[in-house]
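Here's the structure, in structure tokens; my notes come after.
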């Protein structure tokens, strides 16, 4: 999917929901298991009634690469390894890919467009679109007195297994 940059305002929840409506999707994010959980258990639809039906949700839990302590020499080598791992381990039964993994998003997106997949990259808002409250959104909602709809359906605290060592050094832990 190629869009005219002059016509794009932002990738908001409605845009994402239109993109995944009645599609087979692959979500690539460190939070993809939580996103799939919220879709599969129906919580996303309870929180957001406009949540579309999705034919199939596949995921790849993107590894954290903060502090440049990865096993490879650079981001391009790591990107190649991760892309190859996705191709080997994820069933090729999807057409649309959503990627949210920081600096890797665009270079990984290019690899998927080369194999004729539709690709959408989304930043840190992706979690909120599926009822996962991260630190940034929690702070924004508190500051603006915004109440959560169907609060019992939200993931309000992100489990420690999703927090990398030193996560508070990364934008004050706003993703968690």
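The label-point distance for residue 87 and residue 149, in a model that sets each label 7 Å from Cα toward Cβ, rounds to 4.1 nm.
Rg/Rh for the range 13-72 (Cα atoms only, Rh after Kirkwood) is 1.09.
Rounded to the nearest angstrom and ordered from largest down, what semi-axes does the equivalent ellipsoid of the range 73-176 get from its C-alpha gyration tensor (root of 5λ)?
Details: eigenvalues 173, 60, 31 Å².
Values for the range 73-176, descending: 29, 17, 12 Å.
Residues of the range 95-114 falling in the label zone of residue 24, defined by backbone nitrogen less than 13 Å from a point 7 Å along Cα to beta-carbon, are 95-97.
Each of the peptides 124-131, 144-151, 44-51 was scored by the mean count of other Cβ atoms within 10 Å over its residues; in descending order, highest first, they stand as 124-131, 44-51, 144-151.
How big is the convex hull of the Cα atoms of the range 113-170, per residue, in Å³?
Values: hull volume 8.4 nm³, N = 58.
Convex hull volume per residue, Cα atoms: 144 Å³.
Just checking my list (1) 12.0; (2) 10.8; (3) 9.2 against mean projected area of the Cα convex hull in nm² computed from this structure; which label fits? Computed from these coordinates, mean projected area of the Cα convex hull in nm² corresponds to label (2).
Overall, the ratio between the Cα radius of gyration of the range 70-132 and 2.2 N^0.38 Å, rounded to two decimals, is 1.17. Per-residue Cβ neighbour counts within 10 Å put 19, 175 in the sequence 19, 175, beginning with the fewest.
The helix-based estimate of mean residue ellipticity at 222 nm for the chain, built from -39,500 (n - 2.57) per DSSP H run of four or more residues and divided by its residue count, is -9500 deg cm²/dmol to the nearest 500. With a cut-off of 12 Å on the backbone N, the residues of the range 126-141 near the modelled label site 7 Å out from residue 17 along Cα-Cβ are 129-131.
So how much slack lies between residue 55 and residue 117, counting 0.36 nm per residue of separation and subtracting their Cα-Cα distance, in nm? Please report the intermediate quantities before stating the final value.
Numbers: separation 62, 0.36 × 62 = 22.32 nm, distance 1.60 nm.
20.7 nm is the gain from fully extending residue 55 to residue 117.
A Förster distance of 22 Å, applied to the separation of the beta-carbon atoms of residue 140 and residue 41, puts the FRET efficiency at 0.30.
Throughout, read-outs are computed from the coordinates displayed, never taken from laboratory work. Predicted model, so just to flag it, every value in this text is computed and none were measured. For neighbour counting, all protein chains shown are included, and Cβ atoms are generated from backbone atoms with ideal geometry for every residue, glycine included.
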